[in-house]
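Got a structure for you, questions after.
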Amino acid sequence: MPMPIQPKPLRVLILRADESANNTLSYQIGFPKAFVCHDRFQTTVVNILSSRHANWFRLWRSIKLDRLDAIILLHSVFSNSLKLGGRLLDMVAAAPQPKVLFLGNEYKLMPEKMAFAEEINSTVLVTQFSAAEPIDLYRQRLGIPVLHIPNAAIDPETFPPGPPFADRPIDIGYRAYDAAWYLGHNERHEMAERFAEAAARRGLVADISLKREDRMESNAWAGFLRLCKAQIATEAGGDYFELNDDTRVKVNAYVKANPAAGFTDVHRRFFASYVKPVPGRIISPRNAEAAASKTVQLLLEGAYGGYFEPDVHYIPVQKDFSDIDSALDKLDDPEYCARIVDAAYERVMDSLTFNTVLNRLHGELSQLL
C-alpha cells in the first residue's frame, strides 16, 4: 500500500503584538505557540512590540522573505488598537508575499480594520464569524477570500479534564468582561446577577465575577474551571454587526452625554427598532475551555458557531431567564450532566483544538496561496 502524501508545510512569518493586557486572552497566547508546534507550518514568530526588534530593517533582512509562503498577522496586531505602524507597516505592505489577516474584536473599529486590510494588501481575511451574513459583507467590502477560523481553540495540555464532580468545591463559576452596551445586549451582567441570586437561594457555592482584576491567565483559569461543577456563559459578540461602526459611535456618544442613562434606555433608543440586523455572535474560547475541562455549561440560548447544541453539549437557559430553576435542576442530574460533558468534550477534541483548526487553515491556505 502506498504511503499517504504528507501535506506540504507552509513557510510563514507570524506577526503578533504581545503585551501584558493580553495575558488573560488564552487564544492570543495560544495561537503563536500552536503555529510553532504544528508540523504543517514552518514558522518564524515576531512580537512587533518587543524592544529586541527596534531595528526593523535589520530584522526584516534576516527573515529572508523570498523563502516565505505567507505573512500572517494575528488577532493582537489590531484588536482594540492598531499596533503595527511606522516603517514596519510600510515594509509589510510592500512585501510581495500573500498576507493573511486574523481579525480581532469584530465589533469595534471596523472601518479602520477594513482600511488596514487594504493598506497591507491582504490576500486572505480570517474571521471568527461562522454565520454567512457578516462573511458576505467582508467579501463584498474587500473582494478577497474570507475564512472562518474560530478563536475558540484550545490546547488540551493546558485545559485537561477536571476531577469528578463530587471533588469540585464550586457549584457555579464565571469570569468575563461586562459587555459594552453598543453590542445591543447586557447578557453577561444579567447572567451573573441572576445566577448569583439563584445560587444563594438554592444554597449553591458560586464564584461569579465580571471584575477585570478577577480575570486569570490561562493556567490559573484552567485550574479554576477544574474546581467548578458548572460554568455559566453566553456567546461572544452582539446581534448588530456593522462595517461602518455607526451604531457603536452613536451609542458611545449618547452614553457620554447622558451618564445617568441605563441599558434599557440605550436598547430602546438604538436597538428596539433596528431593521434587519446582521448577526455578529461567535463561540467564545471560554465555551471551548470549559468543555475541554469537562465542566458543565449553563449557556444562554444561541448558535455557538454551530459547534454546540442545547441539551447535547450544554444546559440551555432562555434569555428571559424564566427557566433558570429548571436549568439548575438539570445540574442535579448526574447522568444527564455526564452525558453532556462527554459530548462537549468529544466535540471540542474533534473540532476545536489548535491542531485541528490549524489543519483546517493549512488546507484552506494551500488552495488559495
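Listed here are the residues, each with its yes/no results for (1) buried (at least 17 other Cβ atoms within 10 Å of the Cβ); (2) touching a residue at least 12 places away in the same chain (Cβ under 8 Å).
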residue	(1), (2)
165	yes, yes
169	no, yes
175	yes, yes
183	yes, yes
187	yes, yes
192	yes, yes
197	no, no
202	no, yes
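Residue 226: within 20 Å of residue 23 (Cα to Cα), of a type in the set (Lys, Arg) and assigned to a helix (DSSP H, G or I), yes or no?
When the stated conditions are applied, residue 226 passes them.
Now for a different question. Residue check: is residue 311 within 19 Å of residue 191 (Cβ to Cβ), modelled with pLDDT of 95 or more, touching a Lys or Arg at 6+ places or on another chain (Cβ under 9 Å) and surrounded by fewer than 21 Cβ atoms within 10 Å (Cβ to Cβ)?
For residue 311, the condition - within 19 Å of residue 191 (Cβ to Cβ), modelled with pLDDT of 95 or more, touching a Lys or Arg at 6+ places or on another chain (Cβ under 9 Å) and surrounded by fewer than 21 Cβ atoms within 10 Å (Cβ to Cβ) - is met.
State which residue is surrounded by the most Cβ atoms within 10 Å (Cβ to Cβ) when the search covers only the range 320-347 and only residues that are more than 21 Å from residue 202 (Cβ to Cβ) and in contact with a helix residue (DSSP H, G or I) (Cβ under 8 Å, 6 or more places away or on another chain).
Here the residue is 344.
While we're looking at this one, here's another question. Kindly establish whether residue 273 is outside any helix (DSSP H, G or I) and among the hydroxyl-bearing types (Ser, Thr, Tyr).
Criteria met by residue 273.
Of the residues 88, 125, 74, 101, only one is in contact (Cβ under 8 Å) with a residue 40 or more places away in the chain, touching a helix residue (DSSP H, G or I) at 6+ places or on another chain (Cβ under 7 Å) and crowded, with 19+ Cβ neighbours inside 10 Å; which?
74
Pairs please, first residue from the range 133-151 and touching a residue at least 40 places away in the same chain (Cβ under 8 Å) and surrounded by 16 or more Cβ atoms within 10 Å (Cβ to Cβ), second anywhere and hydroxyl-bearing (Ser, Thr, Tyr) and assigned to a helix (DSSP H, G or I), Cβ atoms under 7 Å, 6+ apart in sequence or on different chains.
Taking only residues 6 or more apart or on different chains, the pairs are 151/27.
Could you check, for the range 332-339, whether at least one of its residues is part of a helix (DSSP H, G or I), touching a strand residue (DSSP E or B) at 6+ places or on another chain (Cβ under 9 Å) and either closer than 19 Å to residue 150 by Cβ or not assigned by TED's automatic domain parsing to the domain that holds residue 246 (or both)?
Scanning the range 332-339, I find no residue that is part of a helix (DSSP H, G or I), touching a strand residue (DSSP E or B) at 6+ places or on another chain (Cβ under 9 Å) and either closer than 19 Å to residue 150 by Cβ or not assigned by TED's automatic domain parsing to the domain that holds residue 246 (or both), so the answer is no.
I'd like to verify a number: residues in the range 109-122 that are charged (D, E, K, R) and buried (at least 18 other Cβ atoms within 10 Å of the Cβ), how many?
Number satisfying all stated conditions: 1.
Turning to a different aspect of this structure: Any idea which of (1) within 14 Å of residue 110 (Cα to Cα); (2) touching a residue at least 24 places away in the same chain (Cβ under 8 Å) is the one residue 246 doesn't satisfy?
(2)
Which one of the conditions (1) of a type in the set (D, E, K, R); (2) closer than 18 Å to residue 180 by Cα; (3) surrounded by fewer than 16 Cβ atoms within 10 Å (Cβ to Cβ) does residue 245 fail to meet, given that it meets all the rest?
Condition (3) is where residue 245 drops out.
Would you point out the residue of the range 12-59, among those that are more than 21 Å from residue 93 (Cα to Cα) and among the polar types (S, T, N, Q), that is modelled with the lowest pLDDT?
51
The values are calculated or read from the model by the stated rules, or taken from the named source; none is laboratory data. Computed from a prediction, not measured in an experiment: that's the story for all the values here. Here the Cβ is made from the backbone with ideal geometry for all residues, glycine too, and neighbour counts use every protein chain on show.
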